[in-house]
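The values are calculated or read from the model by the stated rules, or taken from the named source; none is laboratory data. If you're wondering where the values come from, they're calculated on a predicted model, not measured in any experiment. Note that we place each Cβ from the backbone using ideal geometry, even for glycine, and neighbour counts take in every protein chain shown. For the accessible areas, the whole protein counts, side chains as well, though only heavy atoms, and no ligand, DNA or RNA atoms are used. Shrake-Rupley method; radii C 1.70, N 1.55, O 1.52, S 1.80 Å.
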Amino acid sequence: MSKQARVAIITGAGSGVGKASSLALSAAGWAIVLAGRRLKELEAVAEMISSAGGQALAVVTDVTDEASVHALFDSAVRTFGRVDLLFNNAGMSGGGPIEDISLADWKKVVDTNLTGPFLCTREAVRVMKAQAPRGGRIINNGSISAYAPRPNSAPYTATKHAISGLTRSTALDGRKYDIACGQIDIGNAATEMAMRMASGVPQANGEIAIEPLMDPQCVADAIVTMANMPASANVLFMTVMATKMPFVGRG
């Protein structure tokens, strides 16, 4: 590994925002540890990075399992020597009429969207505080739902509000270890999770409306900007959204 390369772990790296961010960070000179559940997709991204002259390691990871998360960070340190950036990107949607949501479905969303980022953050802090030079950066994938819910989205919205609390707590508690933490709140990137917007989704007034989408590359570029901030500065919260999506104002 080049001694100059910084090392980034990206969860949910096999597709969507995670894939785009992995490629963008690699192009900016980072060594990338690709984490996710699907090995085939991870290896495809790793091959794209390697073909472009970058460095990548694919690690099958279940972010809801603490042993799997520990193994992810152990593999990263064993291969590249340190961890400079964690992008907590893995997540899932979930919801429905609140009176019909099962406890099992609630827990599945909470485990993926909140417990997973906590487990990864905990492991990142343990590594970053002990390495030399000390410190690093953590970026959490929030959502516009961290500020305003969509109809029938209680589990997803609750976890994204909670991610904002995790971001603030990590930013505060990480100071003494030179660890910065920020959050990127994304609105309508054209990923597999959000493509339903193009065919129409429920609005707060009960109507169904098609919503504009943006290229995930816009998010990836913002991640590179956040990641490349000097250690003395931090983007605490950033919102990147499709310009005409119904969020600002009454929609």
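On the stretch given as region 114-148, residues that are farther than 21 Å from Lys176 by Cβ and without any contact (Cβ under 8 Å) to a residue 24 or more places away in the chain total 1. When region 121-175 is examined, which residues are found to be of a type in the set (S, T, N, Q), in a helix (DSSP H, G or I) and touching a helix residue (DSSP H, G or I) at 6+ places or on another chain (Cβ under 6 Å)? Across region 121-175, the qualifying residues are Thr121, Ser145, Thr157, Thr159, Ser164, Thr170. The residue that is surrounded by the most Cβ atoms within 10 Å (Cβ to Cβ), counting only those in region 88-108 that are under 19 Å from the mean Cα position of the chain (by Cα) and under 11 Å from Ser153 (Cα atoms), is Gly94.
Considering region 1-71, the qualifying strands (runs of 3 or more DSSP E), each wholly inside and each with 3 or more residues that are in contact (Cβ under 8 Å) with a residue 40 or more places away in the chain, run over 7-11, 31-36. Of the residues screened, Val77 is not one that is in a helix (DSSP H, G or I), among the aliphatic types (A, V, I, L, M) and open to solvent by less than 40 Å² (accessible area, probe 1.4 Å). Scanning region 174-219 for residues that are under 21 Å from Asn113 (Cα atoms) and among the acidic types (Asp, Glu), we see that the one that is least open to solvent (accessible area, probe 1.4 Å) is Asp185.
Tell me yes or no: at least one residue of region 229-242 is open to solvent by 20 Å² or more (accessible area, probe 1.4 Å), within 24 Å of Ser15 (Cα to Cα) and either at pLDDT below 85 or in a helix (DSSP H, G or I) (or both).
Taking every residue of region 229-242 in turn, none turns out to be open to solvent by 20 Å² or more (accessible area, probe 1.4 Å), within 24 Å of Ser15 (Cα to Cα) and either at pLDDT below 85 or in a helix (DSSP H, G or I) (or both).
Considering only residues that are in contact with a Cys (Cβ under 9 Å, 6 or more places away or on another chain) and open to solvent by 10 Å² or more (accessible area, probe 1.4 Å), which ones fall in region 38-72? Val63, the sole residue that qualifies.
Identify, from the list Ala35, Ala20, the residue that is under 19 Å from Val224 (Cβ atoms), open to solvent by less than 60 Å² (accessible area, probe 1.4 Å) and in contact with a Leu (Cβ under 7 Å, 6 or more places away or on another chain).
One residue alone meets the criteria, Ala35.
Filter region 1-27 down to the residues that are over 19 Å from Ile184 (Cα atoms) and of a type in the set (A, V, I, L, M), then identify the one that is modelled with the lowest pLDDT. Ranking the candidates gives Met1 first.
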